[in-house]
Amino acid sequence: MKRRDLSFKPELESIISKCEICNLAMVDEDGSPYVLPMNFGYKDDYIYFHSAQTGKKIDILKKNKRVCISFSTDHDLKWVNKEVACSWSMRYRSVLAFGNVEFVDDYDQKEEALRIFMKNYADIDFSFNEPAVKDILIFRVKIEKLDGRALGY
Ligand SMILES: Cc1cc2nc3c(=O)[nH]c(=O)nc-3n(C[C@H](O)[C@H](O)[C@H](O)COP(=O)(O)OP(=O)(O)OC[C@H]3O[C@@H](n4cnc5c(N)ncnc54)[C@H](O)[C@@H]3O)c2cc1C
């Protein structure tokens, strides 16, 4: 099956836009990896996240802002001979994004981030309730580098 490394930005962005979730990889103080499935929004080279104010990921991200985020879509299991394990493979398209986390504190920017976030899931023009916006923690990642790969496409 043919593997392609992808670098055409609209193609990379179209992979991100097809994903419902991503996996956010962090590294804690003692060098241990920590990866979480997360919902997200994407606009203009930023990936947006929302979260509770506390928890292990926030403890890590406050100390180490460096992250890698993976996205994958178009999963399609194929085989040449069903009885031969080595002839099985999965077609896919995937992207890795690298960057640093920035916490978003400004109220208007948080609301805008939530709009971008919700656009990934619903084509509705939501309005947000002030206490909820204040309560939620928003962070975003400015993408410094995007790598893409497709197998079988
Ligand atoms: C499809 C999907 C979408 C999600 N979207 C979001 C989102 O948009 N925002 C958000 O904040 N969270 C989201 N979550 C939950 C997220 O994966 C974390 O569970 C959550 O953010 C809490 O992380 P924490 O580090 O604060 O965990 P804590 O509450 O501090 O707990 C840490 C402990 O729980 C374990 N743990 C934490 N999360 C998970 C998990 N998902 N699976 C198994 N073990 C776990 C850790 O290994 C650690 O031992 C999503 C989960 C899924 C499956």
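What follows is calculated from the coordinates using simple rules that are stated; it is not laboratory data. The structure displayed is predicted, hence computed values, not measured ones. Cβ sites come from the backbone with ideal geometry, for glycine too, and all protein chains shown count toward neighbours.
Cα convex hull of the chain: mean projected area in nm², to one decimal? Spell out each step's value before the answer.
On the way: hull surface 44.1 nm².
Computing the convex hull of the Cα atoms and averaging its projections yields 11.0 nm².
Set the Förster distance to 30 Å, then compute FRET efficiency between Asp30 and Val84 from the Cβ-Cβ distance, nearest 0.05. Each step should come with its number before you reach the end.
Details: r = 43 Å, r/R0 = 1.43.
Result of the calculation: an efficiency of 0.10.
Alpha carbon centre of region 35-65 versus region 83-153: separation in Å?
The distance from the Cα centre of region 35-65 to that of region 83-153 comes to 9 Å.
Once you place label points 7 Å from the Cα toward the Cβ at Lys9 and Asn64, how far apart are they in nm?
For the pair Lys9/Asn64, the computed spacing is 3.0 nm.
Give, in nm to one decimal, the length gained when the segment between Met1 and Phe128 is fully stretched (0.36 nm per residue of separation minus the Cα-Cα distance). Mind showing how you got there, number by number?
Numbers: separation 127, 0.36 × 127 = 45.72 nm, distance 4.68 nm.
Extra length from Met1 to Phe128 when fully extended: 41.0 nm.
Among the listed pairs Lys18/Lys145; Lys18/Lys57; Lys78/Lys119; Lys63/Lys142; Lys2/Lys56; Lys18/Lys65, which have their C-alpha atoms separated by more than 29 angstrom in this model?
On the way: Lys18/Lys145 19 Å; Lys18/Lys57 25 Å; Lys78/Lys119 33 Å; Lys63/Lys142 17 Å; Lys2/Lys56 39 Å; Lys18/Lys65 26 Å.
Pairs exceeding 29 Å: Lys78/Lys119; Lys2/Lys56.
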